[in-house]
Amino acid sequence: MLEVFRRVGFLPRACGWELTLRCNLRCKHCGSLAGRARDDELSRDECLRVADELAEMRCERVTLTGGEPTLHPAWDELAERLVKGKVQVGLISNAWEWTREHAERAARAGLYSVGFSLDGLEREHDAFRAPGSFAHVLDAIRVTCEVGLDVAINTTIYRENCKQLLAVRGLLLDLGVHSWQLQIAIPTGAMAGHRELALPPEDLLWLVPQIAEFCRDGGGGLRVVASDHIGYFGKPEAHLRQPEVTMPFWLGCWAGLHALGIESGGNVKGCLSLPSALHGEAGYIEGNVRQSSLREIWNRSSGFVYTRGFRTSDLKGFCRVCRYGDLCRGGCTWKRGSQGDPEAGDTYCFYYQAARQGRYDLLEDEPTVEEKAYFRAGVPHR
Amino acid sequence: MKEKEIRERIERFLKRTARNVVVPASVGLSLAGCDTRALSGGRADAGRDVASQRAETNDTANSPDLSYMALPYLIVMMPDAATDPGPSEPEPSDVESEARPMTEAGPEIPAVMPPYMIAPPPPYMVPAPAPPLPPSPPPPLPPAAPPSLPDAGPEIPMPSPAPPYLLLPSVSPSAKGKTAPMPMDPKKNG
């Protein structure tokens, strides 16, 4: 619901900052196509200026990511600068080279949380990332907990690990992990070359309720968070968001409304997940911090038009007739654009799949006549 | 949550926010969230960007001049006439008389707010105090006579009965951890 954001104001509350695209792993599902550093990555001084700008703009939280952000020589200096500017700073690492020294530097810099990626149990995780990577993550969790930092785990769900979630949750509880973010692998970036590993969208009908149940009950001490490309609507919705807030339902993509992303070369997007030049798509780049200040880029009235200028007539496929279309705005922009068929709308949508498969028992409202007619007409999409 | 309740909650939010934040279009440029000085006289810097206005809001919050400011979020985008579709619903005509400090009308920020909320959170992120909910929806009431003035008092954020699926989880809030509910990894697939 764009009007909610319009009334509140377009505020850069959450920022994902790719410090470098350089990475020491080549994961099969990497959405950033990380590996080599970009040719024109920001210098330390340029990064410090961006950090100051984020603080001046009252950005509430910055997540440092990559690539592997700890390969940036000034990652902790930047974090400390942001923290001094009253920005809350988290960091996502693949843990491959994470040591106690990294954990201590993170603690000294004032990070509120360090996140590691763990994509299943050992065999599945290592198959997705690198042999031995699983053990590195477990070691990293231990040393980071020992220095007193909260540890968050991100798990990307794909065919091979989707039935391991309960076991992974048990492992995380044993290790004292603080929070767990679940996200679904979408065939984009490197994953576009491994489409066979992606979950078919029909599986959302069992997976989304399971994730919602994890969010409802983390098993005692583990906070579980569903990534914002998981949903939407139907009975699981309230637990995927926060049941305790005034509006515990999906309000549409945050990109350019309350979120922004900064690439290591200085390009600014509404969300770091959105494609860029490496993906053959430059349309989401709003500017570069070398040419304009971050504030100017954010405040351009013509910027972020795909969310700020959204109209229901922009919706495609089933989203065009969906009862929630104006609320949901077609779901996560990145996910919708990654499904191959721009006319299909968002088929990785719980409501879409439940309506299509006649599982009205999973929905709060029976699909409308128009929605049913859409499928009766012979939908070409899954 | 059924679609009807979702839309009702949004509607309540928009009405409340409109009363607190939106300024009549007659002020000019669809600028929202100005202080009363701007309303009456217009300010040369009325179109400044988000950050500077938010900074001023916070800086002013401790001054004795609170009655002139204190709106929690200032809508700052200078609408581009060519691209800005404008508000989706008409703005109330009596907004000026309703505008007042957030401390008077806005929901209080409870102690359980996630720690990343350094700035005041937008109203929809504020946990709603959950009143006792009946197990089933009440029978429909006859239509009430419209009030002569918009309700200016504080609203109860969650007056509608929630379906059983939405009853709060059995896990204690403290067990859910203390960090923000926002995505930890802003980048999916990785």
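Quick notes
- Identity of the residue in the range A:172-192, of a type in the set (Gly, Ala, Ser) and over 14 Å from A:Cys145 (Cβ atoms), that ends up farthest from the other protein chains (Cβ to nearest Cβ): A:Ala192
- Scanning the range A:106-113 turns up at least one residue that is modelled with pLDDT under 95 and buried (at least 23 other Cβ atoms within 10 Å of the Cβ).
This table checks each residue for (1) more than 9 Å from every other protein chain (Cβ to nearest Cβ); (2) surrounded by 18 or more Cβ atoms within 10 Å (Cβ to Cβ); (3) in contact with a Gly (Cβ under 8 Å, 6 or more places away or on another chain).
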residue	(1), (2), (3)
A:Arg7	no, yes, no
A:Phe10	no, yes, yes
A:Leu19	yes, yes, yes
A:Asn24	yes, no, no
A:Cys27	no, yes, yes
A:Arg38	yes, yes, yes
A:Ser43	yes, no, no
A:Glu46	yes, no, yes
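- Of the residues A:Glu146, A:Glu202, A:Glu124, A:Glu213, the single one that is in contact (Cβ under 8 Å) with a residue 24 or more places away in the chain and either within 22 Å of A:Ser338 (Cα to Cα) or buried (at least 23 other Cβ atoms within 10 Å of the Cβ) (or both) is A:Glu202.
- Set A:Trp250, A:Trp180: member being buried (at least 17 other Cβ atoms within 10 Å of the Cβ) and more than 20 Å from A:Val114 (Cα to Cα): A:Trp250
- In the range A:337-370, the residues that are buried (at least 18 other Cβ atoms within 10 Å of the Cβ) and outside any loop (DSSP other than H, G, I, E, B): A:Gly337, A:Phe350, A:Tyr351, A:Tyr352, A:Gln353, A:Ala354, A:Ala355, A:Arg356, A:Leu362
- Residue in the range A:227-237 that is crowded, with 23+ Cβ neighbours inside 10 Å and away from every other protein chain (no Cβ under 12 Å) present: yes
- Of all residues in the range A:294-322, those satisfying the criterion of being outside any helix (DSSP H, G or I) and surrounded by 19 or more Cβ atoms within 10 Å (Cβ to Cβ) are A:Gly303, A:Phe304, A:Phe310, A:Leu315, A:Cys322.
- Condition check for A:Cys215: part of a loop (DSSP other than H, G, I, E, B), at negative phi and modelled with pLDDT of 90 or more: no
- Scanning the range A:48-59 for residues that are of a type in the set (D, E, K, R) and crowded, with 19+ Cβ neighbours inside 10 Å gives A:Glu53, A:Arg58.
- Subset of the range A:52-77 [assigned to a helix (DSSP H, G or I) and within 14 Å of chain B (Cβ to nearest Cβ)]: A:Asp52, A:Glu53, A:Leu54, A:Ala55, A:Glu56, A:Pro69
- Unmet requirement for A:Glu364, which otherwise passes all of (1) within 18 Å of A:Ala212 (Cβ to Cβ); (2) within 19 Å of the chain's Cα centre (by Cα); (3) not β-branched (Val, Ile, Thr): (2)
- Matching residues in the range A:60-113 - criterion: being of a type in the set (D, E, K, R) and farther than 23 Å from A:Gly31 by Cβ: A:Glu60, A:Asp76, A:Glu77, A:Glu80, A:Arg81, A:Lys84, A:Lys86, A:Arg100, A:Glu101, A:Glu104, A:Arg105, A:Arg108
- Of residues in the range A:299-316 being small (Gly, Ala, Ser) and within 8 Å of another protein chain (Cβ to nearest Cβ), the one nearest to A:Ala344 (Cα to Cα): A:Gly309
- Condition broken by A:Trp334, with the remaining ones in (1) in contact with a Leu (Cβ under 6 Å, 6 or more places away or on another chain); (2) hydrophobic (A, V, I, L, M, F, W, C); (3) in a loop (DSSP other than H, G, I, E, B) satisfied: (3)
- Condition met for A:Val137 (more than 10 Å from every other protein chain (Cβ to nearest Cβ), closer than 22 Å to A:Leu165 by Cβ and either without any contact (Cβ under 8 Å) to a residue 24 or more places away in the chain or in a helix (DSSP H, G or I) (or both)): yes
- A:Arg81 vs. criteria within 9 Å of another protein chain (Cβ to nearest Cβ) and among the charged types (D, E, K, R): no
The values are calculated or read from the model by the stated rules, or taken from the named source; none is laboratory data. As the structure is a prediction and not an experimental result, all values here were calculated from the model. Backbone-built Cβ (ideal geometry, glycine too); neighbour counts: all protein chains shown.
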